[in-house]
Ligand code: GLC
Ligand code: CA
């Protein structure tokens, strides 16, 4: 069989995202690592997965758990060594899977040697690697207070869109862009299959760094550092490197809109293969942590459909419900009471749309949010900012409730492998607390249950991958005004599928769209046992996937 090409085949692939620190501890120090990843590759393969996205594994002081990098061409000692990385890569490939890395080049750690040099003054070779000013502008950082920090040694302020420990690189400096290309080549030459490019829409800032409009709290200035004037020029330089290899580039960028996404993925500036969009992550909030709202199914459906319709025939969607930046989806859009039903329904709701499916570690077993009592038990910087800096008039209880709903730490608790001590994640006490529900929610228990969320994910992935219509077919939504049902079709030539998901906690009567009424059909997937395909009363969080045979 010919070697698979990721460049050619990514549309048909299913990705699994690993946040290594919480995936599996292979050497018994309580921290997930590349020895653990190595051990679990067969498990990942068993899900039907084709490719892995590895969150940052580079040396980092962990101000932002790996997204503050102090050496781009090495492995964090907590995670292993370069030689262990090579073993993981070789085994991933031997199992027929691909592996992409996180490329985080909007900023480095303030402990990166470039920054240590740059601080020293205006006359060293790294002086212009970062963005220094005598006077700050009004921009806010997304993680802690204002976006500028005064550095005594240099006698100037440096820009940090994220935490103080994440100074922004000056991408306008050609030497910095050469460094980025050299980092890319380092990993591509080793055999990795592409990159997920972190906040890539921030790397070019508006010339002169003008003040932002002063009325957008917490994100002042964002329109002056997002999608800047040289972004296409810089990305096309990076693209050229990638074109020499069989690899793909997936861009991540806060506030990516359909319009900007198409700019990056189509036309003469095409510099990314796919992008992660965020609209559907805001069906219960604004800016994830900032303002919470009750879950609104219509908002979720509008976001889904907007991306499905707008990219059709032009670009290719990424499909995801969870990652390391968002709390667990069952706790948000589903129901912990109807845990199995809503976990399986949510899988159906997104997997059968058009796009490349991403599954985040633990999502496939239905992990849910943690609710720790004290803010000091939380690890993530943005949870602390949220608690200590936003909505200070709220009571402690109200602020903790916000953390429980929104903290990124909910997706960063140790992966639940079994009902054994520490959920089988480690032999010793893990670096972060295990969700107390691990006795029920874990891989080993779910392996043995044919109706588990885990086995349901396998079923959906396998169907998606073997069906051309569910991969390439045209998408159309029905009953967009329903506050209970999400229904869409996928059509390719004569082939038609209808996907129906109930988001209600109570039974709901559903009807087929008129054009489907009375046609013979086949119920291919259902998350209820013993569903009668003709009984159109859907139970709480019921989901069904119907195939309509080609000929009447
Ligand atoms: C991206 C990452 C997030 C990180 C931020 C800064 O949004 O996904 O985890 O904190 O960029 O690097
Ligand atoms: Ca370890």
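Taking a ≥ b ≥ c as the square roots of the Cα gyration tensor eigenvalues, with a/c under 1.5 meaning rounded and otherwise prolate when a/b beats b/c, else oblate, which class fits the stretch 471-548? Could you put the intermediate results ahead of the total?
Numbers: a/c = 1.73, a/b = 1.37, b/c = 1.27.
Prolate shape, in that a/c is at least 1.5 and a/b is the bigger ratio.
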For the chain, the longest principal axis of the Cα atoms and the Cα long axis of helix 34-46 enclose an angle in degrees, to the nearest 10, of 30
The stretch 83-145 and the stretch 497-547: distance between their alpha carbon centers, rounded to Å: 48
For the Cα atoms of the chain, what angle does the longest principal axis make with the long axis of helix 297-311, in degrees from 0 to 90, nearest 10? 80
Is the shape of the stretch 233-276 rounded, prolate or oblate, going by the alpha carbon gyration tensor and its root eigenvalues a ≥ b ≥ c, with a/c under 1.5 for rounded and a/b larger than b/c for prolate? prolate
Whole angstrom only: what separates the Cα centroid of the stretch 188-210 from the Cα centroid of the stretch 453-471? 32
Which values of log₁₀ I(q)/I(0), to two decimal places, follow from the Debye formula for the stretch 52-97 at q = 0.15, 0.17, 0.22 Å⁻¹ with a uniform point scatterer at every Cα? -0.40, -0.50, -0.75
Along Cα→Cβ, 7 Å out, is where each label goes; now give me the distance between the ones at residue 185 and residue 81 in nm to one decimal. 2.7
For a quick size check, give me the Cα extents of the stretch 60-186 along its three principal axes, largest first, whole Å. 54, 29, 23
Which FRET efficiency value, to the nearest 0.05, do you get for residue 270 and residue 175 by plugging their Cβ-Cβ distance into 1/(1 + (r/R0)^6) with R0 = 30 Å? 0.70
For the chain, calculated [θ]222 nm from helices alone, where every DSSP H run of n ≥ 4 adds -39500 (n - 2.57): -8000 deg cm²/dmol
Determine the gain in length on full extension of the stretch residue 12-residue 213; use 0.36 nm per residue of separation and subtract their C-alpha separation, reporting nm with one decimal. 68.1 nm
Per-bin percent of Cα-Cα distances, the stretch 207-298 [5 Å]: 2, 11, 18, 19, 17, 15, 10, 6, 2, 0
Can you work out D for the stretch 393-502 in µm² s⁻¹ from Stokes-Einstein, where Rh is the Kirkwood radius over C-alpha pairs, the temperature is 20 °C and the viscosity is 1.002 mPa s? 120
Could you line up 365, 222 from fewest to most neighbouring Cβ atoms inside 10 Å? 222, 365
So if I take the alpha carbon set of the stretch 16-79, get Rg, then get Rh from the Kirkwood formula, what is the Rg over Rh ratio? 0.99
Sticking with the crude label model, points 7 Å out along Cα→Cβ, report the distance from residue 429 to residue 312 in nm, one decimal please. 5.5
May I ask you to derive the FRET efficiency for residue 440 and residue 292 from their Cβ-Cβ distance with R0 = 30 Å, giving the value to the nearest 0.05? 0.65
Kindly work out what percent of the DSSP beta bridges joining two residues of the chain are antiparallel, to the nearest 5. 60
With every atom except the alpha carbons ignored, what do you get for Rg and Dmax of the chain, in angstroms? 23.3, 78
Can you figure out the FRET efficiency of residue 117 with residue 537, using R₀ = 56 Å and their beta-carbon distance, to the nearest 0.05? 0.25
Any idea what angle helix 339-351 forms with the longest principal axis of the chain, computed on alpha-carbon atoms, 0 to 90 degrees, nearest 10? 80
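Every number here is computed from the coordinates shown, using simple stated rules; none is lab data. Quantities reported herein were computed from a predicted structural model and do not represent experimental measurements. Positions of Cβ are backbone-derived with ideal geometry, glycine not excepted, and every protein chain shown enters the neighbour counts.
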